[in-house]
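What follows is a set of notes on a single structure, which appears directly below.
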Amino acid sequence: MKIQIINGPNLNMLGLREKEIYGSISFDDYFEELKNKFTEIELFYYQSNIEGELINKIQEVGFDYDGIVLNAAAYTHTSVGIADAVRGISSPVIEVHISNTKSREDFRKKSFISPHAKGIIQGFGLYSYDLAILSLTDV
Ligand code: DQA
């Protein structure tokens with residue numbers, strides 16, 4: 001089973017940025033933990049701060065992978081292009097957020113991606129990614 005994790009803008013700063021919201025571990029370190037936890041799954045990780053690169057990656061993996069765990073970060077709230085990419089592929093997409101975006105500023109309450117996602121997991125810190133992977137493997 002192959003699962004692609006895709007992280008959007010500023011998530012390369014995890015561990016350094018707004019630690020009270022996003023925690024103090026870098027995603028690279030967390031990804032090592034995930035690979036050690038889910039040894040039976042082929043896990044891949046991609047991060048970009050650039051909208052078009054995220055769209056390219058969604059298109060590249062979106063027809064052969066068993067699932068995509070997508071944290072589009074700020075683009076969640078703005079990007080019709082990423083939403084169209086998600087609706088145009090066949091792999092299931094789980095939308096993930098580290099924080100509970102519904103409990104934050106109003107502009108974070110809108111997600112262009114949610115209507116096209118298989119499911120949404122948010123607010124559990126980095127554990128949201130574990131839950132997303134589990135949701136793809138338990139089907
Ligand atoms: C985020 C929430 C977004 O609103 C924010 O822009 C992010 C991270 C999260 O994982 O909680 O960068 O997607």
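The values are calculated or read from the model by the stated rules, or taken from the named source; none is laboratory data. Here the structure is a predicted model, which means the values were calculated and not measured. A quick note on method: Cβ atoms are made from the backbone with ideal geometry, for glycine too, and the neighbour counts reach across all protein chains shown. The protein model used for the area step is the full one, side chains on, heavy atoms only, and it has no ligands, DNA or RNA in it. Shrake-Rupley method; radii C 1.70, N 1.55, O 1.52, S 1.80 Å.
Just a few scattered comments:
- Count of residues meeting criterion [surrounded by 18 or more Cβ atoms within 10 Å (Cβ to Cβ), touching a strand residue (DSSP E or B) at 6+ places or on another chain (Cβ under 7 Å) and assigned to a loop (DSSP other than H, G, I, E, B)] in the stretch 1-18: 1
Rundown of residues vs (1) assigned to a helix (DSSP H, G or I); (2) surrounded by 13 or more Cβ atoms within 10 Å (Cβ to Cβ), yes/no style:
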{"residue": "Ser91", "(1), (2)": "no, yes"}
{"residue": "Ile94", "(1), (2)": "no, yes"}
{"residue": "Ser111", "(1), (2)": "no, yes"}
{"residue": "Pro115", "(1), (2)": "yes, no"}
{"residue": "Ser128", "(1), (2)": "yes, yes"}
{"residue": "Leu131", "(1), (2)": "yes, yes"}
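- When residues of the stretch 96-109 are limited to those that are free of Cβ contacts under 8 Å to residues at least 24 places away in the same chain and within 9 Å of the ligand (Cβ to nearest atom), the one least open to solvent (accessible area, probe 1.4 Å): Arg104
- Hits in the stretch 19-42 - residues which are open to solvent by 80 Å² or more (accessible area, probe 1.4 Å) and in a loop (DSSP other than H, G, I, E, B): Ser24, Thr39, Glu40
- Single match in Gly67, Gly88 (criterion: in contact with a strand residue (DSSP E or B) (Cβ under 6 Å, 6 or more places away or on another chain) and over 16 Å from Phe27 (Cα atoms)): Gly67
- Residues (assigned to a loop (DSSP other than H, G, I, E, B), open to solvent by 20 Å² or more (accessible area, probe 1.4 Å) and farther than 19 Å from Lys109 by Cα) located in the stretch 61-88: Phe63, Asp64, Tyr65, Asp66, Gly88
- Enumeration of residues in the stretch 96-108 that are under 21 Å from Phe27 (Cβ atoms) and not in a helix (DSSP H, G or I): Val96, His97, Ile98, Ser99, Asn100, Arg104
- Within the stretch 110-138, tally of residues that are away from the ligand (no atom under 14 Å from the Cβ), closer than 17 Å to Ile89 by Cβ and of a type in the set (A, V, I, L, M): 1
- Residue list for the stretch 43-60, restricted to those being of a type outside the set (D, E, K, R) and open to solvent by 80 Å² or more (accessible area, probe 1.4 Å): Ile50, Asn56, Gln59
- Those residues of the stretch 42-70 which are of a type outside the set (A, V, I, L, M), touching a Phe, Trp or Tyr at 6+ places or on another chain (Cβ under 8 Å) and within 16 Å of the ligand (Cβ to nearest atom), in sequence order: Tyr45, Gln47, Glu51
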